[in-house]
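Trainee: Encoded as structure tokens, here's the structure I'll be asking about.
The values are calculated or read from the model by the stated rules, or taken from the named source; none is laboratory data. Everything quoted here is computed from the prediction, not taken from an experiment. Ideal geometry is used to build each Cβ from the backbone, glycine not excepted, and the neighbour counts take in all protein chains shown.
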Ligand code: HEC
């Protein structure tokens, strides 16, 4: 009985871990003004050196932004862009760019 409860709690925790990335796209749009200079206002970049973000998977964007912030992924351009972002900012930005059309 106790084991079943534990399994249930673990399953619930796993569910939360997945949905925890659900950011607010509208809030992300407002925060994306600084990103627009390079990645474009909707995440479609006009420069071959700057990647498109539009339509990318939300969880992947969160992971990459955190990787830049933590220094796991190093890029001299991106590091200062994300240094001051909170987890909520990152979730919102990722939700915004993921919701955009990549054309
Ligand atoms: C001055 C230009 C510039 C600005 C401004 C900028 N970026 Fe970037 N961004 C880049 C470049 C260049 C790369 C590619 C880095 C590399 O080669 O690893 C990149 C990569 C990324 C990636 C990884 C994409 C992938 O496919 O792995 C994400 C996510 C990202 N930027 C998000 C943002 C966000 C969010 C902002 C605003 C807070 C932002 N960037 C502002 C230049 C910029």
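Trainee: Which pairs turn up if I take residues in the range 84-103 that are at pLDDT below 95 and look for partners that are more than 9 Å from the ligand (Cβ to nearest atom) and part of a loop (DSSP other than H, G, I, E, B) with beta carbon separation below 6 Å, at least 6 apart in sequence or on another chain?
Mentor: Cβ pairs passing all conditions: 102/54; 102/55.
Trainee: Go through the range 48-61 and give me each residue that's more than 8 Å from the ligand (Cβ to nearest atom) and either more than 17 Å from residue 26 (Cβ to Cβ) or touching a strand residue (DSSP E or B) at 6+ places or on another chain (Cβ under 6 Å) (or both).
Mentor: 48, 55, 57, 59
Trainee: Shifting gears a bit: If you check residue 79 against the conditions, is it surrounded by fewer than 18 Cβ atoms within 10 Å (Cβ to Cβ) and either near the ligand (Cβ under 8 Å from one of its atoms) or modelled with pLDDT under 95 (or both)?
Mentor: Criteria not met by residue 79.
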